[in-house]
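Note sheet for the following structure.
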């Protein structure tokens with residue numbers, strides 16, 4: 001629980017999660033708008049934190065890495081949490 | 001929004017918030033069980049993070065500092081967020 005909140009407790013990571021929630025399918029890391037704005041190492045680090053917290057799934061596919069939100073898993077482990085965070089984020 | 005999640009994204013801070021939610025009124029910092037388990041400086045730091053994120057209110061009263069959860073303010077700013085976090089925490 002604390003590590004999920006910690007992973008969400010960063011503006012950049014929260015934007016990554018928000019964009020992944022909006023596309024609702026696996027997309028290439030590099031295709032996320034928010035990632036294009038930061039250094040590659042910054043992006044990689046944020047994806048690592050999100051993955052280790054169980055928020056996202058990363059699947060290598062050729063030269064790309066496809067990333068997606070683990071929405072169902074999160075809903076099972078922490079019912080309502082992600083949706084509440086996304087709704088609150090959208091309102092701001 | 002991210003700083004609220006960051007503040008909640010730590011095991012000790014989450015336990016402080018959970019205990020404050022349970023008492024539902026202002027109590028002395030030192031009376032929180034979780035605080036008795038850690039060094040004074042650690043406790044002070046965690047209270048500072050929680051206060052700066054807007055999660056708690058701290059009011060000096062003589063030699064003590066009374067601390068309380070800003071439940072209504074949080075509900076106004078982030079509807080459902082704190083309650084969802086507390087419910088998920090309790091289930092674990």
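Every number here is computed from the coordinates shown, using simple stated rules; none is lab data. What you are looking at is a predicted structure, and each value in this text was computed from that prediction instead of being measured. So basically every Cβ, Gly included, is an ideal-geometry build from the backbone, and we count neighbours across all protein chains shown.
Below are the figures for this structure:
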quantity: The protein assembly as shown: radius of gyration over Cα atoms, expressed as a fraction of 2.2 N^0.38 Å; calculated: 1.13
quantity: Centroid-to-centroid separation of segment A:29-72 and segment B:9-61 [C-alpha atoms, Å]; calculated: 34 Å
quantity: Calculated FRET value between residue A:26 and residue A:3, using beta carbons and R₀ = 22 Å, to 0.05; calculated: 0.45
quantity: Cα long-axis angle, helix A:81-91 against chain A (0 to 90 degrees, to the nearest 10); calculated: 80 degrees
quantity: FRET E, pair residue B:91, residue A:63, Förster distance 35 Å, beta-carbon r, rounded to 0.05; calculated: 0.25
quantity: Acute angle (nearest 10 degrees) that the helix B:11-23 long axis makes with the longest principal axis of chain B, alpha-carbon atoms; calculated: 90 degrees
quantity: Inter-site label distance for residue A:37 and residue B:18 at 7 Å from Cα along Cβ, in nm; calculated: 3.5 nm
quantity: Helix-only mean residue ellipticity at 222 nm for chain A, each DSSP H run of n ≥ 4 adding -39500 (n - 2.57), per residue, nearest 500; calculated: -17000 deg cm²/dmol
quantity: Neighbour-count order for B:42, A:88, fewest beta carbons within 10 angstrom listed first; calculated: B:42, A:88
quantity: Using alpha-carbon coordinates, inclination of helix A:40-52 to the longest axis of chain A, degrees; calculated: 40 degrees
quantity: Reference-scaled alpha-carbon Rg (2.2 N^0.38 Å with N residues) for chain B; calculated: 1.01
quantity: Copy-to-copy label separations for residue A:52, where each label sits 7 Å from Cα toward Cβ, in nm and ascending; calculated: 2.2
